[in-house]
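Read the figures in this text as sums done on the coordinates, not as results from a lab. Quick caveat: nothing in here was measured; it's all calculated off a predicted structure. Reconstructed Cβ throughout: ideal geometry from the backbone, glycine too, with neighbour counts over all protein chains shown.
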Amino acid sequence: MSWKRLLISIPLGFLIMIADGLSLMLVNRLYRPGHPPAWMIHAFYYFDAWPLFVTQHIFARPPGDTFGGPTFLAVAAAGVIDLIVFSAIVYALFSWRARRKTRA
């Protein structure tokens, strides 16, 4: 494991999350005054929000709560899971690239 690759892949994983959110905002802006197609919104949203479907069941709201949305812990845990997954993907790509350079 290379610490240098890890310390580079974590901010890049975070930037992937931010870029997805900015892309979603751009798509919404381009379709004004109407609305973009639902499939397009879902593609951008679920790219970042897929862990929330798991974490909102782990950190469920207490019975009788009428708010209805996910808890703060569920959203924070989903963000951490996203960061770990995207950083691992970037780290794997950097490792693959380093192995290819050493063979050539």
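Key figures
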{"item": "The chain: calculated mean residue ellipticity at 222 nm from DSSP helix runs of at least 4, using -39500 (n - 2.57)", "result": "-26000 deg cm²/dmol"}
{"item": "Per-residue HN-Hα couplings for region 48-61 [Karplus 6.51, -1.76, 1.60; θ = phi - 60°; Hz; x = Gly/Pro]", "result": "9, 9, 4, x, 5, 5, 7, 6, 6, 8, 6, 9, 6, 6"}
{"item": "Taking the chain and dividing mean pair separation by its residue count, relative contact order in percent (alpha carbons under 8 Å, at least six apart)", "result": "40"}
{"item": "Estimated distance in nm for a label pair at ILE8 and ALA98, the labels positioned 7 Å out from Cα along Cα-to-Cβ", "result": "0.9"}
{"item": "Per-selection metrics, the chain (Cα): Rg and Dmax in Å", "result": "17.8, 63"}
{"item": "HN-Hα J in Hz across region 24-33 - Karplus 6.51, -1.76, 1.60, θ = phi - 60°, x for Gly and Pro", "result": "5, 5, 5, 4, 4, 5, 5, 8, 5, x"}
{"item": "Protection-proxy order for peptides 39-52, 77-90, each taking the mean of Cβ atoms within 10 Å per residue, highest first", "result": "77-90, 39-52"}
